[in-house]
Amino acid sequence: MKEKHPYAVAFLHRGMLFGGLGPLVLGIVYWILGFSIEGFSLAGSEVCSGIVSTYLIAFVHAGTSVFHEVEHWSLPRWMFYQLGALYLVYTLAYLINDWIPFEPLVLLLYTVGFVILYFSICLSVILCTKRVEKRLNERLGQ
């Protein structure tokens, strides 16, 4: 029996597998801040909000890796959807946790930096993948 929504299932599966990495990274950051800033402390609500936010960031980040596997989607299409999903979840988490202020100039700079970083990472992944594909094809041709 063929699954009705294999990409949705893959999205959820990947998200659940890797979602826990977000709070782990958050814990490490809080631990480092505790050593770096004298008197650093957080309220329980801040810790809880940070844990939920970073779990959702990691969940969506891992889940959107399935977008490039949707066979009928072009490269620009899956990049657009992935960029949109990641931008939305990161921005909401950053604003809800007051990790960035809700100010137009800050949001503009954040958005520009986010888009530049996203496309830089995508470009490097695409170029590395093409290089590996070329090497494999050369080896298969020998």
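Listed values, structure above:
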read-out	value
Calculated [θ] (222 nm, deg cm²/dmol) that DSSP helices of n ≥ 4 give over the chain, each run adding -39,500 (n - 2.57)	-26500 deg cm²/dmol
In degrees, nearest ten, helix 44-63 long axis to first principal axis of the chain (Cα)	10
The range 1-85: trypsin sites (Lys or Arg not before Pro) in DSSP coil with no more than 13 other Cβ atoms inside 10 Å	2, 4
Between 0 and 90°, nearest 10: helix 21-36 axis offset from the chain longest Cα axis	40
Acute angle (nearest 10 degrees) that the helix 6-18 long axis makes with the longest principal axis of the chain, alpha-carbon atoms	40
Estimated FRET transfer efficiency (residue 43, residue 107; beta-carbon r; R0 35 Å; 0.05)	0.90
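Bear in mind these aren't lab numbers, they're just calculated from the coordinates by the rules spelled out. Just so we're clear, the structure is a prediction, and the values are computed from it rather than from any experiment. Note that each Cβ is placed from the backbone with ideal geometry, even for glycine, and that neighbours are counted across all protein chains shown.
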